[in-house]
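Right, one structure below, let's go through it.
The values are calculated or read from the model by the stated rules, or taken from the named source; none is laboratory data. If you're wondering where the values come from, they're calculated on a predicted model, not measured in any experiment. Every residue, glycine among them, receives a Cβ derived from its backbone with ideal geometry; neighbour counts consider all protein chains shown. In case anyone asks, the SASA skips ligands and DNA or RNA and just uses the protein heavy atoms, side chains included. Shrake-Rupley method; radii C 1.70, N 1.55, O 1.52, S 1.80 Å.
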Amino acid sequence: MFIFFICIGLLLLAYKFYSPFVERQAGIDPNVKTPQTRFDDGVDYVKVHPVKAFLIQFLNIAGVGPIFGPILGALYGPIALVWIVLGNIIGGAVHDYFSGVLSIKEDGKSLPEIAGHYFNVYFKGVMLIFTAMLLFFVGVVFIMSPAGLLSHLDYFEGTIFANNTFWVLAILGYYFLATLLPIDKIITKLYPLFGALMIVMTLSIAVALIMHAPHLPEMGDVFAYFEHSHYNNDLLKPNPDGLPVWPLLFVTITCGAISGFHSTQAPIMARCLTNEKYVRPVYYGAMMSEGLVACVWAMAGIAAFPGGYIELKSVLDAGGPGLVVNQVASTYLGVAGGIMAIIAVAIFPITSGDTAFRSLRLTITDAFKIPQSMRNRLLLAIPILVIAYFMTKIDFSLIWRYFAFSNMLLSTSVLWLATKYLWDRGTCHWIVSLPAIVGTSVTVSYIMTAGIGLGLPQSFAQPAGIVVAVVCLIALIITHQKRKVSLAQ
């Protein structure tokens, strides 16, 4: 249990002491006019209170990501908690923060436009392709997963609501409205409520686990992983299937640690903030909060099942992470927990899917300079959602693998973009360049081994990823030293 409190404490301390240092590097100016005040259009550039903005950003990036990913990551044992905390502090929170900074500094624009400004048109094109691809896959995934869950609920057996197609069409209908309508018609009204609900659910689960869970991890279990020695409780041993931590754990747990999808959501609130000083609490704060949620659900996967890894694996095989959420919430929180579990695995992903399609609309309109008239919004929304409907007929696991790779690649690209931004400012770029190097290594290792990639053996891909990381670090150090010499002359 002590390891859990250490994880929570480190996340809170990072926000208190590390995030102000990060903010000082970014050049935040509370006196400049934000995009919202300069381009108020009543559709996307709409004034939003910073507390509301935090809750909306939190729900935009969270959904079921910090729930499902950590539950799957729990198969690796207590090391999952270590990755969530270190990934969040060193990479994820900084990644999300600079996504917000770059967008608000560039008139609330989308990532490809920002990339074109700081690099060139070719990098802009690459970012546009992968941003659009990731947003589309996220939207499709968050149609398929809640529709599958809702159609299999016992309450709906024998009715039209047990039909998967019914829920797919219903969710698409909602996405159509959320993509089309001004942001203050649906999103700013409902999302703060759902964001608060996720916080209440997470706190309730955390307290219940601390009081009643049978196998809470201890510090010794983390050290035992590295030492290959005796565990305090053998049920907490890492998976006996031999799944390699590098790079699979980094891919399994993204939301809560670091996720490129979050950067695609940055322009939504960057167009609504009334002062640059709110960027840190909204973006860094939302990612830190997601890390807290991820720690709770990783602990649930590790500690809540009397049979340890074997029982968790059997529940996952039977019904996936959604069934784990249902069992944990129902067991520890009773009827109220069961209701919250249904909301968590059905409604929360929808709140990420709709903003994914909205962000896709913004990305396309930014890239091709399309005016935001109702007619143009319709012409974009309709074909996007029609294609998404047909994509739901494809195998879910294939869509998920492409999503995972796009997510990793985009997060790494954003960190390199932030490196260029800080480099040009002459401030400490290492806070983003070092995690960018690690992200590059993980991405290379994953695509070398993945079925959608080269399919090479782990014994080759893992060292190759590390070599790429070392080469990137050496190149960055040499370039950094040359820059210092040139500035001194």
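So what's the projected area for the stretch 321-373, the Cα convex hull averaged over all directions, in nm²?
Averaging across all directions leaves 4.8 nm² for the Cα convex hull.
Given +1 on the Cβ of Lys and Arg, -1 on the Cβ of Asp and Glu, and no further charges, what dipole in debye does the stretch 354-489 carry about its Cα centre, rounded to the nearest 20?
Using Cβ point charges on Lys, Arg, Asp and Glu, the stretch 354-489 gives about 420 debye.
Greater than 22 Å separation of Cα atoms is the criterion. Which listed pairs, 33/277; 313/393; 52/185, meet it?
313/393
At 30 angstrom or more along the helix axis (alpha-carbon based) and mean Kyte-Doolittle of -0.5 or higher, what helices does the chain contain? Whole DSSP H runs only.
121-151, 187-212, 308-368, 396-425, 458-488
Please give the solvent-accessible surface of residue 317 in Å², to the nearest 10, using a probe radius of 1.4 Å with every protein chain present.
Roll a 1.4 Å probe over it and residue 317 shows about 110 Å².
Would you work out the relative contact order for the chain, in percent, from Cα pairs under 8 angstrom that are 6 or more residues apart?
Once normalised by length, the contact order is 30 percent.
Less than 20 Å apart at the alpha-carbon level, and either on another chain or at least 8 residues along: which lysines does that give for residue 369?
105, 109, 124
Solvent-accessible area per residue for the chain at a 1.4 Å probe radius, Å²?
39 Å²
Calculate what fraction, in whole %, of the accessible area of the chain sits on carbon and sulfur atoms when a 1.4 Å probe is rolled over the protein chains.
69 percent
For the stretch 337-489, report the % of Cα-Cα distances exceeding 19 Å.
70 percent
Excluding the sites themselves, what is the longest stretch of the chain that contains no trypsin sites (Lys or Arg not before Pro) in a DSSP loop with at most 12 other C-beta atoms within 10 Å?
34-368
Under 18 Å from the Cα of residue 482, which lysines turn up, not counting those fewer than eight places away in the same chain?
420
Starting from 0 in steps of 10 Å, tell me what percent of the Cα-Cα pairs of the stretch 1-53 lands in each bin.
18, 29, 28, 19, 6, 0
What GluC sites (Glu not before Pro) does the stretch 95-172 have in DSSP loop regions with at most 15 other beta carbons within 10 Å?
In loop regions of the stretch 95-172 (DSSP not H, G, I, E or B), the sparsely surrounded GluC sites (Glu not before Pro) are 157.
Once the cut-off is 18 Å, how many percent of the Cα-Cα pairs in the stretch 1-126 end up in the long-distance tail?
Cα-Cα pairs in the stretch 1-126 separated by more than 18 Å: 67 percent.
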